[in-house]
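Take a look at the structure below.
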Amino acid sequence: MIRFVKYHSRSNTYVIEKRAFFKDDLKLDGNVIVGQDVKFWGDLTVTGRLELGKSSAVKGNIKARSALVCAAAKILGNIETVSELILLDRVRVNAAACQGDIRVRPGCTIGSVKAGGTLELIGKVSVKKIEPLTNVIIRAEE
């Protein structure tokens, strides 16, 4: 595992090389930047901010303080964040929950979503279920 992960102590950030592969659950204390095409077969838990790379895949669940999920990433489990969640173009997520705001870009597919703040849907987005009491804003593609 350590082979694919570099640590930057000043910013408390772990950087995971592109095309890395993790068979077991991964828990990192700090911020995490994931390169593109990284595969996680288990859960991914991050105490800080997560940037999940383009075309990455997580078979388990994700927990993070905040998250930016880059284009074409797939999360087969659920993603749960505290402050903010941004899903870029063509992301696929089983379920997304955030105590703060969620921003969803065009082409995303989400099974169910719950936002404590505002859920912002931009362009053509497929959402099967929006949990009650979620404040929704729908915008045309920018």
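Kindly provide the set of residues from the stretch 126-137 that are of a type in the set (A, V, I, L, M, F, W, C) and either exposed (fewer than 11 other Cβ atoms within 10 Å of the Cβ) or out of contact with any strand residue (DSSP E or B) (no Cβ under 7 Å at 6 or more places or on another chain) (or both), ordered by number. Listed by number, the list holds a single entry, LEU133. Residue check: LYS124 meets all listed conditions (1) touching an Asp or Glu at 6+ places or on another chain (Cβ under 8 Å); (2) within 21 Å of LYS59 (Cα to Cα) but one, namely (2).
Looking across the stretch 97-125, the residues that are in a strand (DSSP E or B), surrounded by fewer than 20 Cβ atoms within 10 Å (Cβ to Cβ) and either touching a Cys at 6+ places or on another chain (Cβ under 7 Å) or among the hydrophobic types (A, V, I, L, M, F, W, C) (or both) come down to ALA97, ILE122.
Selection of the stretch 65-102 for residues being among the acidic types (Asp, Glu) and touching a Gly at 6+ places or on another chain (Cβ under 9 Å) yields GLU84, ASP89, ASP101. Inclusion of ARG90 among residues that are among the basic types (Lys, Arg) and under 18 Å from ALA57 (Cα atoms) is warranted.
Are any of the residues in the stretch 67-79 among the small types (Gly, Ala, Ser), assigned to a loop (DSSP other than H, G, I, E, B) and crowded, with 23+ Cβ neighbours inside 10 Å? Looking for residues that are among the small types (Gly, Ala, Ser), assigned to a loop (DSSP other than H, G, I, E, B) and crowded, with 23+ Cβ neighbours inside 10 Å, one finds at least one in the stretch 67-79, hence yes. Scanning the stretch 13-53 for residues that are surrounded by 15 or more Cβ atoms within 10 Å (Cβ to Cβ) and at positive phi, which turns out farthest from the chain's Cα centre (by Cα)? Of everything passing the filter in the stretch 13-53, GLY30 is farthest from the chain's Cα centre (by Cα). Close Cβ contacts (under 6 Å, 6 or more residues apart or on different chains) running from residues in the stretch 39-63 that are among the β-branched types (Val, Ile, Thr) to residues that are not in a strand (DSSP E or B) comprise THR47/ASP29.
Flag: ARG65 does not match the condition of being under 10 Å from the mean Cα position of the chain (by Cα) and among the charged types (D, E, K, R). Against the condition small (Gly, Ala, Ser) and under 19 Å from LEU88 (Cβ atoms), how does GLY35 come out, does it pass? In short, yes.
Among residues of the stretch 97-120 that are in contact (Cβ under 8 Å) with a residue 40 or more places away in the chain and under 16 Å from ILE62 (Cβ atoms), none has a Cβ under 8 angstrom from a residue that is surrounded by fewer than 19 Cβ atoms within 10 Å (Cβ to Cβ) and among the polar types (S, T, N, Q) at a sequence gap of 6+ or on a separate chain.
Just so you know, all these numbers are worked out from the coordinates, no wet-lab data involved. Just so it is clear, the model here is predicted, and its values are computed rather than measured. Virtual Cβ from ideal backbone geometry, glycine too; neighbours counted across all protein chains shown.
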